[in-house]
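Notes follow the structure.
The values are calculated or read from the model by the stated rules, or taken from the named source; none is laboratory data. Treat the numbers as computed from the prediction; the structure is a model and nothing was measured. Cβ coordinates were reconstructed from backbone atoms using ideal geometry, including for glycine residues, and neighbour counts include every protein chain displayed. Remember, those area values only see protein heavy atoms, side chains included, never the ligands or the DNA or RNA. Shrake-Rupley method; radii C 1.70, N 1.55, O 1.52, S 1.80 Å.
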Amino acid sequence: MIINSNKYSEKVHLLLTANNFNILSKDPTDKFHKLIHKTMQTQITFLTQKKASPLSLKGQLKLHKADIPIRPVINNRTAPAYKLARYLAKTLDQYISLNNYFNVTNSTNPAIDLTREEIHENNTMISFDIKDLYVNMPIDETLNILKTKLLQNNNIQITYQMLSSLKVILSQNYFMFQQKIYEPEHGISMGSLISSLIAEIFLQHYEEANIKQLMDMKSIALYLRYVDDILVIYDTTKINLHTINTYLNKIHNNIKLNPIYEEHNSIVFLYLTITCRHTKLEVHIYRKPTTTDTTINFLSNHPIEHKMATFRFHITRMHSLSLDPDKKQIEWEIIQSIAKNNNFP
């Protein structure tokens, strides 16, 4: 999509203003780089950047949403804490255990599980989108949660080392846009390799404390979350729409959820359209209104492996999901149409 540069800047600045980003008078890269050296001591060469520089922000347009807002994308590869964050993201799993009661790692597995779910006439679906998750993450609170988890299986020394390193990483939350340095008032870096794990630790802690209670009371029949997208199936005889929306939005002051309501017995979750048919759920592949059928053209000068990658994905997805025969045929015809429109024989 082509957009006027002034309009693009206006959208980015609207995002920065809405989320309380402040302009820094000085680039903090050198200060953070020295802090990494001081923190790591003997492991300086292994876990520090040789040439650190300010992170850059670029905005991706959310064409499928009203007013086409910006999705901020930050390149973290030049950050002073990049190597340390990458290392901790890979090793932290060895020191803590997450129960993963409610989160899913892909959309294929829940699609299979949903088609096996028994639905009653009083069940209704609703989905939620967590608003600006990273920007609103409470760092100190999350580190306290992590401290408790680390102490369950590790000694005080390891716990202290891990928390000290994480504090350094999470403090380096800044980026450059149009030659100005910005820093949020709170939250975690949108581009750091450790941020998704930190957010997961925080969300699972509160889900286990609050969602499990509703599940035990049978008010909620199903609760699934993929990153910041949530699907809930609830019993309307035990809890109403207003109550569940209010309850979930009061779990934590920093976490706000935008509800998306069921329409005509259907709801969209990830790339699935989920429809209630009597006592069963059916799934179909959902494509956003802005989706195009453009792929690498067959006549282009690209390796055949690259050209076929899209179709391997579409065909694998079609066979992996529990689609009924009619929907599978519709999906197959869409794949054939995409191939034809891109000059595949």
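Taking residues in region 317-328 that are in contact (Cβ under 8 Å) with a residue 60 or more places away in the chain, and partners anywhere that are polar (S, T, N, Q), the pairs with Cβ atoms closer than 6 Å and at least 6 places apart or on different chains are Ser320/Thr108; Ser322/Thr115.
Has region 307-330 got at least one residue that is aromatic (Phe, Trp, Tyr) and open to solvent by less than 60 Å² (accessible area, probe 1.4 Å)?
yes
Here is a yes/no grid of residues against (1) closer than 20 Å to Thr290 by Cβ; (2) within 25 Å of the chain's Cα centre (by Cα):
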| residue | (1), (2) |
| --- | --- |
| Asn6 | no, no |
| Phe21 | no, yes |
| Leu55 | no, yes |
| Leu61 | yes, yes |
| Gln94 | no, yes |
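Among the residues making up region 24-47, those that are under 17 Å from Ser189 (Cβ atoms) and among the β-branched types (Val, Ile, Thr) are Thr29, Ile36, Thr39. The criterion of at least 1 residues that are among the small types (Gly, Ala, Ser) is met, among strands (runs of 3 or more DSSP E) falling completely within region 7-126, by 56-61.
The one condition from (1) in contact (Cβ under 8 Å) with a residue 12 or more places away in the chain; (2) within 20 Å of Gln204 (Cα to Cα); (3) not polar (S, T, N, Q) that Ile74 does not meet is (2). Every test in (1) closer than 30 Å to Tyr206 by Cβ; (2) open to solvent by 40 Å² or more (accessible area, probe 1.4 Å); (3) touching a residue at least 12 places away in the same chain (Cβ under 8 Å) is passed by Ile274 save one, and that test is (2). Checking region 56-69 against the condition returns a match, with at least one residue being crowded, with 19+ Cβ neighbours inside 10 Å, within 16 Å of Ser189 (Cβ to Cβ), touching a residue at least 24 places away in the same chain (Cβ under 8 Å) and not small (Gly, Ala, Ser). Reported count of residues in region 171-197, each being over 19 Å from Thr39 (Cα atoms), small (Gly, Ala, Ser) and open to solvent by 20 Å² or more (accessible area, probe 1.4 Å), is 1. Could you tell me which of the residues Leu151, Leu98 is touching a helix residue (DSSP H, G or I) at 6+ places or on another chain (Cβ under 9 Å), open to solvent by 30 Å² or more (accessible area, probe 1.4 Å) and without any contact (Cβ under 8 Å) to a residue 12 or more places away in the chain? None of the others qualify; the one that does is Leu151.
Residues are listed down the side, and each one gets a yes or a no for (1) at pLDDT below 85; (2) open to solvent by 50 Å² or more (accessible area, probe 1.4 Å):
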| site | (1), (2) |
| --- | --- |
| Tyr8 | no, yes |
| Leu14 | no, yes |
| Phe21 | no, no |
| Pro28 | no, no |
| His37 | yes, yes |
| Met40 | yes, no |
| Thr48 | yes, no |
| Ala52 | no, no |
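Return the residue satisfying two criteria in turn: it lies in region 229-240 and is over 25 Å from the mean Cα position of the chain (by Cα) and of a type outside the set (Ser, Thr, Tyr), and of such residues it is farthest from Met125 (Cα to Cα). The residue in question is Lys238. Only one of the numbered conditions (1) touching a residue at least 24 places away in the same chain (Cβ under 8 Å); (2) open to solvent by 70 Å² or more (accessible area, probe 1.4 Å); (3) of a type outside the set (Val, Ile, Thr) is not met by Leu248, and that is (2). What do you reckon, is Arg287 out of contact with any His (no Cβ under 8 Å at 6 or more places or on another chain) and part of a loop (DSSP other than H, G, I, E, B)? Taking the combined requirement at face value, the residue satisfies it. Residues in region 103-133 that are over 20 Å from Ile285 (Cα atoms) and open to solvent by less than 20 Å² (accessible area, probe 1.4 Å): Ile119, Ile130, Leu133.
Within the span defined as region 73-90, every residue fails to be within 30 Å of Glu263 (Cα to Cα), surrounded by 14 or more Cβ atoms within 10 Å (Cβ to Cβ) and not acidic (Asp, Glu). For residues in region 277-301 being hydroxyl-bearing (Ser, Thr, Tyr) and over 22 Å from the mean Cα position of the chain (by Cα), which is surrounded by the most Cβ atoms within 10 Å (Cβ to Cβ)? Among those that are hydroxyl-bearing (Ser, Thr, Tyr) and over 22 Å from the mean Cα position of the chain (by Cα), it is Thr295.
Of all residues in region 291-345, those that are more than 23 Å from Thr115 (Cβ to Cβ) and either of a type outside the set (A, V, I, L, M, F, W, C) or in contact with a strand residue (DSSP E or B) (Cβ under 8 Å, 6 or more places away or on another chain) (or both) total 22.
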